[in-house]
1. Apply the a/c threshold of 1.5 to the C-alpha gyration tensor of region 267-414 and tell me whether it is rounded, prolate or oblate.
2. Calculate how steeply helix 393-410 sits against the longest principal axis of the alpha-carbon atoms of the chain, using the helix alpha-carbon long axis, and give the answer as 0 to 90 degrees to the nearest 10.
3. How do 3, 147 line up, fewest other C-beta atoms within 10 Å first?
4. Going by how many other Cβ atoms sit within 10 Å of their own, how do 252, 370, 260 line up, fewest first?
5. Roughly how tilted is helix 314-330, in degrees to the nearest 10 and between 0 and 90, from the longest Cα axis of the chain?
6. Determine one quarter of the surface area of the Cα convex hull of region 1-143, which equals its mean projected area, and express it in nm² to one decimal.
7. Given +1 on the Cβ of Lys and Arg, -1 on the Cβ of Asp and Glu, and no further charges, what dipole in debye does the chain carry about its Cα centre, rounded to the nearest 20?
8. Rounded, prolate or oblate: which fits region 62-165, taking a ≥ b ≥ c as square roots of the Cα gyration tensor eigenvalues, rounded meaning a/c under 1.5, else prolate when a/b beats b/c?
Amino acid sequence: MASSSNTDVAIIGAGAAGIAAGRRIVDARLDCVVVEARARLGGRAWTFDHRSACPIDLGCGWLHSADRNPWRELAEIQGRSIDKTPPPWMRLSAPIGFSLSEQAAFLQAHREFYQRLDSLADQGPDIAGASFLEPFGRWNALINAVSTYVSGAELDRVSARDFLRYEDSGVNWRVVEGYGSVIATHGRGLPVVLGCAVQLIDHGGRRLRLETTHGSITADAAIVTVPSAIIAEESILFRPHLPEKTQAALGLPLGLADKLFLSLSHAEEFDEETRVFGRTDRSETGVYHFRPFGRSQIEAYFGGRLAFELEASGDVGFVDFAVGELVALLGNDFARRVKPLRLHRWGADPFSRGSYSYALPGKSDCRTQLAAAVDDRLFFAGEACSPSDYSTAHGAYLSGVAAAEAVIAARGMGR
Ligand SMILES: Cc1cc2nc3c(=O)[nH]c(=O)nc-3n(C[C@H](O)[C@H](O)[C@H](O)COP(=O)(O)OP(=O)(O)OC[C@H]3O[C@@H](n4cnc5c(N)ncnc54)[C@H](O)[C@@H]3O)c2cc1C
């Protein structure tokens, strides 16, 4: 990019939302530039080693609501293989440290917890999900652990109302070649500037002016798709200041969830696609997905406060914790059968600062506030802006398309 450039529409961020918005803007024959801080496309969608036989999704992996997920359709158009094996969380786990009768009791307690949550009238106070736990319930710790995987945070931090607004069709599929590959491929050919961070958006003049690490861009409109945590910490400054955006983003922190991939020798001893909880009596536990896609691997998942603590102790902290939990379940020799393959610390990543958004208690309306356009020329998208598909890659896609449509309509080009 030249030290100063000019476009109709500037899109900030080339994740799922920015790529979807960029495609729609280009299809409408508007001039645009997508400005991306990282050296790659995809943001929190990232398939590592995408050319290998075992590509690894370090970010999104599941096509949630796959029957209505636009990325599924795009994956099919790209000729990808869709794996329709039901996810481990919708089946019984291996009875390792968790007997089948205990699993039945846990599932029943979990169902009852959701029923209590469902009974929350939309007009009632917007309180924490933890309020719906049974006092001193036997399975509260594990229900909380599941919340750290689903929301990236424990239930005391999560708005029950926002949680209820999430729409899940219950169909969860995967892309064998990697979800991240699908999203990055969809971005190929767009006018993207990689490795260029936006630092300031001046919306005080006749045209917008963006200051970036590689010079300035003037534009008639902009779509901001960076994670809510980036807006909350004001890594991008708005001039004049937009305190309502900072406040909305503060109400929608990014929860933390990190995946650690381990190789597993003599994997055939375990069933494919089976799940094991490290512990069932505390919320600080990993969940271990054995043999995803039948591979000789374990995908370990850590969320919430535990993930924050492990991130502070570096990559080795994750490996030690995972091996410690697995050895406690499967015996000392098991340590020799696993080797770390790959991990990404999303909380430490300066361009995400977490994994996916949740709303704090009392802050469920922040999603609409974050998504609202400013002066019909500064638009917002990204998973956190989605009222009912937040935290997902398809929610990001839909929000990106919606913002692009709004730009097109504002410029009098609507069909
Ligand atoms: C471990 C993990 C597991 C997940 N699992 C799933 C799953 O199974 N299914 C699912 O649907 N979702 C899942 N998600 C969530 C999903 O990945 C995200 O919701 C989605 O990718 C977000 O897309 P986005 O476009 O809103 O944001 P992002 O992908 O974060 O895109 C924003 C872009 O903005 C860029 N940016 C940041 N700051 C600047 C700046 N100053 N200037 C320019 N660019 C900047 C970033 O680099 C990034 O590329 C998971 C996420 C993680 C981390």
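1. prolate
2. Around 10 degrees separate the two axes.
3. 3, 147
4. Least crowded to most crowded, the residues run 260, 370, 252.
5. Once rounded, one gets 30 degrees.
6. Mean shadow area of the hull around the Cα atoms is 14.9 nm².
7. 760
8. Oblate.
Values quoted throughout were computed directly from the atomic coordinates according to the rules given, and no laboratory measurement underlies them. Everything numeric in this text was worked out from a predicted model, so none of it was measured. Glycine gets a Cβ as well: all are built from the backbone with ideal geometry, and neighbour counts include every protein chain shown.
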